[in-house]
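Worksheet: the structure to be examined is printed underneath.
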Amino acid sequence: MAASSQALPQKPDGFSKYRPLYRAILAANWDEAQIFFNQNPAAIQSPLTNNLDTSLHVGAKAGNASFMEKLVSLLLDHELGPRDAYGYTPLHIAARHGNIEVADILVRRNSNLLYLHNRRGLFPIHCAVRNHRKSKEAFLYFLGVTRDDEYGQPNPYAGPTGVSILVNLIVCKFYDLALQLIVRYPDLGGHKRTRNDISALDAIVLSDCSIINNHNLNFWQSFIYHCVSKAESTTSTPIFHLITSLLQWLVGKSIVNKMVIHHQVVKLLKCLCDQLKTLNDTQVISLTEQALFDATSLDIWQVILNIAEAYPMSVYFLNSEKQNILHVSVMIRSENVFNLVCGTSVLRTFFPDYRDINNNNVLHFAGKLAPPHKLNLVSGAALQMQRELQWFKEVKKITPSYFLSYRNKDGKTPSMVFTEEHKELKEAGEKWMKETATSCTIAAALIVTVIFAAAITVPGGNSGENGLPIFSNHNAFTIFAISNAASLFTSATSLLVFLSILTSRYAEQDFLYALPKRLIIGLVTLFLSIIFMMIAFSATVYLEFGHNRRGVLIVVAAFACLPVTSFVLLQFPLLVDLVSSTYGRGIFDQRGFPQLPF
């Protein structure tokens, strides 16, 4: 009976008499269930719930193979495929819950169950892909028993239904299985699934976290990346597994698995894009246009490169707002895509001339405020403002000077857009800078006060005969004098620098270099003043109480490291971020990016 012809019962209370049977099936209590069947023979095939679940559905969900073997033996082969209210058969349910043994019992009795679809056109293999246990074994079982050439049966791997399997494998991050499927059925790369109108290429973009940007890897990660790349290129599977196992033992499982998954996705992406070369323009545009702009928004440059290599004209696609990939990359702050485009000289010259439907040029997009998820990659409103100014400055490099005077549909120049969009961020940056400078000013002033007093009242006092310090002939006193003076000078410098931050005019351009540079100088000098102060204090304690006992010096020095370490742990990350963002290589580096075809 067709699933669409079934309707939900109007009186759910009518199923209350089946509750003992339902509980018996869930508990895999065959004796109790058999007693119920003997008293109510029709209950074997009758719906037990308002969802039209039969005993087979409930048993397939419970997953007890022994119970299901006995239950199936009471039914004929053609009676093993009852449908619930949504058209699911018991085999669908077993697949969805990853109950392979139950599924095998049903398939051995009636293999035609593999080719019955539910009301949405999904076969049991579709349910096996996204099983609740997230088990690859469940899918591999159904892949092994579901044929594409079964006489008189539909082919689950053809067209939209096949694409749906592939898409679900990608969504579940079973990339190795997706690669197997696309190798067996390469045509799947040229279709979309009916539901949600999504292609395998779109699905890869949506699982963007699986693609690694190898330009952002550190030394060890780059080394592992290189090793996995070499191992992946070998034709010997045992050698590949041996190399990855060794790397897992050396550096940990997590990072190696991430690299392996990345290479699986890249191979899958290449297979899908190779299929584009066999399609006509209309088909390619339908499959790639949305994926291209989604990849731009998510900053997955590898997707854009592979699509462009298969269909070079894709780099000139425009979205519904008449924006190209350069516009979108600047607006969303996708630095990798921006570097990819700008690394190709022809596109770097040609793309900025485009304007969207609101007459915005690329500088107008640079003037817009970055999305929150991009702003939050940088700590502190001041550094966020600096990053925004860096974007505007970098985009200005690839545009003619007269672009600054261009007005959009609202009559605003790029500079006007930047000022208006970043008004609140600028105020927040000013507040953050002042609060940071105020806190550090208090610390610097306290150090100046203490160190100045220590210079006047030297350890041990002065001699009554000549007025010179009593311990002036000791090496420890020399260390005290030098470190005390150094602490005073550096803390005074820090104090003045932080005061200059408090009295700054806080213009937009000040956030680019002036304010970060002052904050760097202030933090460095404050850090040095703390170190010198601890050295001076340690020398004083040694002179007063040490009496040439090294143990006292070791203990004092150990405790003196505590405030220095605290400063490093609490403030050093901020200092590193400031130096890196102000004087580092930055995010705009086209080296290492390949040339886009055009």
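Along the Cα→Cβ direction, 7 angstrom out, place labels at N475 and A428. What is the inter-label distance in nm?
Calculated label separation equals 5.4 nm.
Given the peptides 567-577, 113-123, arrange them by the average over their residues of other C-beta atoms within 10 Å, most packed first. Walk me through the numbers on the way to the answer.
On the way: 567-577: 13.6, 113-123: 18.9.
Taking the mean over residues of other Cβ atoms within 10 Å, the ranking is 113-123, 567-577.
Report the calculated FRET efficiency for S439 and Q509 (r = Cβ-Cβ distance, R0 = 25 Å), to the nearest 0.05.
The pair S439/Q509 has a calculated efficiency of 0.50.
When the Karplus curve 6.51 cos²θ - 1.76 cosθ + 1.60 is applied with θ = phi - 60°, which whole-Hz ³J(HN,Hα) does each residue of segment 344-354 get, with x for Gly and Pro?
Each residue's phi maps through the Karplus curve to give 9, 4, 5, 5, 4, 7, 8, 4, x, 6, 5 Hz.
Measure off 7 Å from each Cα along the Cα-to-Cβ vector at E79 and V183, then give the distance between these two points in nanometres to one decimal.
In this crude label model, E79 to V183 measures out at 4.5 nm.
Taking 30 Å as the cut-off for C-alpha to C-alpha distance, list the pairs among K368/K431; K173/K322; K173/K423; K61/K267; K396/K426 that go past it.
Check vs 30 Å cut-off fails for K173/K322; K173/K423; K61/K267.
Just report the Cα centroid separation between segment 260-302 and segment 316-376, whole Å.
20
Would you mind getting me the FRET efficiency between F489 and T349? Use the beta-carbon distance for r and R0 = 60 Å, nearest 0.05. Walk me through the intermediate numbers first.
Numbers: r = 52 Å, r/R0 = 0.87.
Taking R0 as 60 Å, the efficiency between F489 and T349 is 0.70.
Take the Cβ-Cβ distance between L502 and H373 as r, set R0 to 41 Å, and report the resulting FRET efficiency rounded to the nearest 0.05.
The pair L502/H373 has a calculated efficiency of 0.80.
Quick check: from the Cα gyration tensor, does segment 338-412 come out rounded (a/c under 1.5), prolate or oblate?
oblate
Distance in nm between label sites at E32 and L574, each 7 Å beyond Cα in the beta-carbon direction?
Output for this residue pair reads 6.4 nm.
Taking 8 Å as the Cα distance limit and 6 or more residues as the minimum spacing, I'd like the relative contact order of segment 275-326 as a percentage.
On the way: 34 pairs, mean separation 16.8, N = 52.
With pairs under 8 Å counted, the relative contact order is 32 percent.
Quick one: order Y88, Y185 by neighbouring beta-carbon count within 10 Å, fewest to most.
With the fewest neighbours first, Y88, Y185 line up as Y185, Y88.
Using 0.36 nm per residue of separation minus the Cα-Cα distance, give me the extension gain between N359 and D589 in nm, one decimal.
Working it through step by step, the gained length comes to 79.9 nm.
Based on the alpha-carbon gyration tensor of segment 3-149 and its eigenvalue square roots a ≥ b ≥ c, which shape applies: rounded if a/c is under 1.5, prolate if not and a/b is larger than b/c, or oblate?
prolate
May I ask you to compute the full-extension gain from K70 to E321, defined as 0.36 nm times their residue separation minus their alpha-carbon distance, rounded to one decimal in nm? It would help to have the intermediate numbers written out before the result.
Details: separation 251, 0.36 × 251 = 90.36 nm, distance 6.24 nm.
Taking K70 through E321 to full extension adds about 84.1 nm, to one decimal.
Residues with beta-carbon under 12 Å from that of Q180, excluding Q180: net charge, scoring Lys, Arg +1 and Asp, Glu -1?
+2
Rounded, prolate or oblate: which fits segment 258-346 when a ≥ b ≥ c are the square roots of the eigenvalues of the alpha-carbon gyration tensor, with rounded for a/c under 1.5 and prolate only if a/b beats b/c?
On the way: a/c = 1.78, a/b = 1.11, b/c = 1.60.
Since a/c reaches 1.5 but b/c is at least a/b, the shape of segment 258-346 is classed as oblate.
Charges only on Cβ, +1 for Lys and Arg, -1 for Asp and Glu: so what's the dipole of segment 291-433 about the Cα centre, in debye to the nearest 20?
Dipole about the Cα centre, nearest 20: 340 debye.
Counting pairs of alpha carbon atoms under 8 Å apart in space and at least six apart in sequence, what relative contact order in percent does segment 352-447 give?
Working: 90 pairs, mean separation 36.3, N = 96.
The normalised contact order for segment 352-447 reaches 38 percent.
Given the Cα-Cα distance of Y151 and S16 and 0.36 nm per residue of separation, how much length would full extension add, in nm?
Difference between extended and current length: 44.3 nm.
For I198, what residues show an amide H to amide H distance below 5 Å, using hydrogens built from the backbone and excluding near sequence neighbours?
It is R193, by chain and number.
No lab work stands behind these numbers, since they all come straight from the coordinates. Remember, predicted model here, so these are calculated numbers, not experimental data. Because the Cβ atoms are built from the backbone with ideal geometry, glycine has one as well, and the counts that use them run over all protein chains shown.
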